[in-house]
Amino acid sequence: MPALINPSILSADFVNLERDLRAIATADFVHVDVMDNHFVPNLTLGLPVVTRIAEVSTLPLDVHLMIEDADRWAPEYAAAGAASVTFHAEATQAPVRLARELRSRGIRAGIALRPASPVEPLLDLLPEFDMLLVMTVEPGFGGQSFIEGTLPKIRRARAALDESGAATWIQVDGGVSRDTIGRIAQAGANVFVAGSAVYGAPDVAAEIAALRDLADAAA
Ligand SMILES: O=C(CO)[C@H](O)[C@H](O)COP(=O)(O)O
């Protein structure tokens with residue numbers, strides 16, 4: 001499957017969000033970071049803004065919840081128009097039940113891991129999810145440098161998926177750039193979130209194309 005590039009609007013201009021959504025029209029999904037200032041030490045946006053983004057975006061929404069009590073809130077983001085909702089394993093009591101609830105609403109369900117959270121307890125459960133998000137920086141802020149020590153986790157997840165035959169995607173988020181995307185794709189990821197690399201580029205569309213090409217060439 002060709003690599004998917006999902007720009008993170010965490011690096012967009014929130015005052016000119018519609019303009020910055022149009023700028024990424026050649027991407028695959030728009031990655032929307034929801035932060036509650038409890039699960040992570042930052043606050044971004046919530047249901048009313050996600051609802052409006054879903055109404056104006058030409059791209060499907062890939063919502064990443066960095067919030068506590070995912071069991072309570074994740075279904076609300078499905079109702080708000082997300083195509084995919086990813087919640088943190090560290091923020092749910094019942095990850096499989098929550099994924100089944102999201103999938104029953106016709107959307108994709110993702111599960112995310114902080115850099116220090118092990119993937120091993122999830123390996124047998126991966127077919128229950130449409131996507132595993134491996135955080136490759138500490139969640140909360142854009143513009144951080146990629147944590148190299150997360151690569152073995154991606155490799156272990158890819159090996160488990162290859163063995164089981166499950167179609168679960170592996171997404172990475174944090175420090176994705178022209179410098180790192182090849183190594184990440186080689187490790188087995190196929191969905192790439194990039195914030196500062198895309199929105200900081202002089203030509204956003206060209207950057208999306210370059211990242212996609214580099215990932216496809218390395219996979
Ligand atoms: O989830 C996030 C932070 O928690 C962001 O999506 C991520 O950090 C993207 O930013 P960058 O590409 O600049 O590292």
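The values are calculated or read from the model by the stated rules, or taken from the named source; none is laboratory data. Owing to the predicted nature of the structure, the values given are computational and were not obtained by experimental measurement. Glycine also receives a Cβ, built like all others from the backbone with ideal geometry; neighbour counts cover every protein chain displayed.
Residues are listed down the side, and each one gets a yes or a no for (1) within 14 Å of the ligand (Cβ to nearest atom); (2) surrounded by fewer than 22 Cβ atoms within 10 Å (Cβ to Cβ); (3) farther than 23 Å from F141 by Cα:
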| site | (1), (2), (3) |
| --- | --- |
| A27 | yes, no, no |
| L45 | yes, yes, no |
| P48 | no, yes, no |
| A94 | no, yes, yes |
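Among the residues of the range 160-172, write down those that are hydrophobic (A, V, I, L, M, F, W, C) and surrounded by fewer than 17 Cβ atoms within 10 Å (Cβ to Cβ).
Within the range 160-172, A166, A167 qualify.
Of everything in the range 186-198 that's more than 8 Å from the ligand (Cβ to nearest atom) and outside any loop (DSSP other than H, G, I, E, B), which residue is surrounded by the most Cβ atoms within 10 Å (Cβ to Cβ)?
My answer is F192.
Taking A99 as the residue in question, decide whether it is within 16 Å of the ligand (Cβ to nearest atom) and touching a Phe, Trp or Tyr at 6+ places or on another chain (Cβ under 7 Å).
no
Hey, could you check the range 114-130 for residues that are in contact with a Ser or Thr (Cβ under 8 Å, 6 or more places away or on another chain) and of a type outside the set (D, E, K, R) and say which is farthest from the ligand (Cβ to nearest atom)?
P127
Report whether or not F141 is outside any helix (DSSP H, G or I), modelled with pLDDT of 95 or more and under 17 Å from F29 (Cα atoms).
When the stated conditions are applied, F141 does not pass them.
Out of L65, L10, I need the residue that is in contact with a strand residue (DSSP E or B) (Cβ under 7 Å, 6 or more places away or on another chain), assigned to a helix (DSSP H, G or I) and under 30 Å from Q186 (Cβ atoms). Which one?
The match here is L10.
Go through the range 28-56 and give me each residue that's out of contact with any Asp or Glu (no Cβ under 9 Å at 6 or more places or on another chain), polar (S, T, N, Q) and assigned to a loop (DSSP other than H, G, I, E, B).
If the condition is that a residue be out of contact with any Asp or Glu (no Cβ under 9 Å at 6 or more places or on another chain), polar (S, T, N, Q) and assigned to a loop (DSSP other than H, G, I, E, B), then N37 is the only one that fits.
Would you be able to say whether some residue in the range 43-65 is at pLDDT 95 or above, basic (K, R) and farther than 17 Å from V198 by Cβ?
Yes; the residues of the range 43-65 include at least one that is at pLDDT 95 or above, basic (K, R) and farther than 17 Å from V198 by Cβ.
Cβ-Cβ below 9 Å, separation at least six or inter-chain, first residue in the range 181-196 and in contact (Cβ under 8 Å) with a residue 12 or more places away in the chain, second assigned to a helix (DSSP H, G or I) and among the polar types (S, T, N, Q): which pairs?
Final answer for the pair search is I184/T150; A187/T150; A194/S11; G195/S11; S196/S11.
If you check every pair at least six apart or on different chains, which have Cβ atoms under 9 Å apart with a residue in the range 67-85 that is over 18 Å from V30 (Cα atoms) first and a residue that is assigned to a loop (DSSP other than H, G, I, E, B) and among the β-branched types (V, I, T) second?
So the pair list comes out as I67/V40; D69/T92; A70/T92; D71/T92; W73/I67.
Here's the yes/no breakdown for (1) assigned to a loop (DSSP other than H, G, I, E, B); (2) hydroxyl-bearing (S, T, Y); (3) within 15 Å of the ligand (Cβ to nearest atom); (4) touching a helix residue (DSSP H, G or I) at 6+ places or on another chain (Cβ under 8 Å):
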position	(1), (2), (3), (4)
R178	yes, no, yes, yes
I184	no, no, yes, yes
P202	yes, no, no, no
A217	no, no, no, yes
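Criterion first (touching a strand residue (DSSP E or B) at 6+ places or on another chain (Cβ under 9 Å) and either touching a residue at least 60 places away in the same chain (Cβ under 8 Å) or not charged (D, E, K, R) (or both)) does L113 satisfy it?
So L113 passes the test.
Kindly indicate the residue of the range 131-159 that is more than 26 Å from N37 (Cα to Cα) and buried (at least 21 other Cβ atoms within 10 Å of the Cβ) and also farthest from the ligand (Cβ to nearest atom) among those meeting that condition.
Once the filter is applied, the top-ranked residue is A157.
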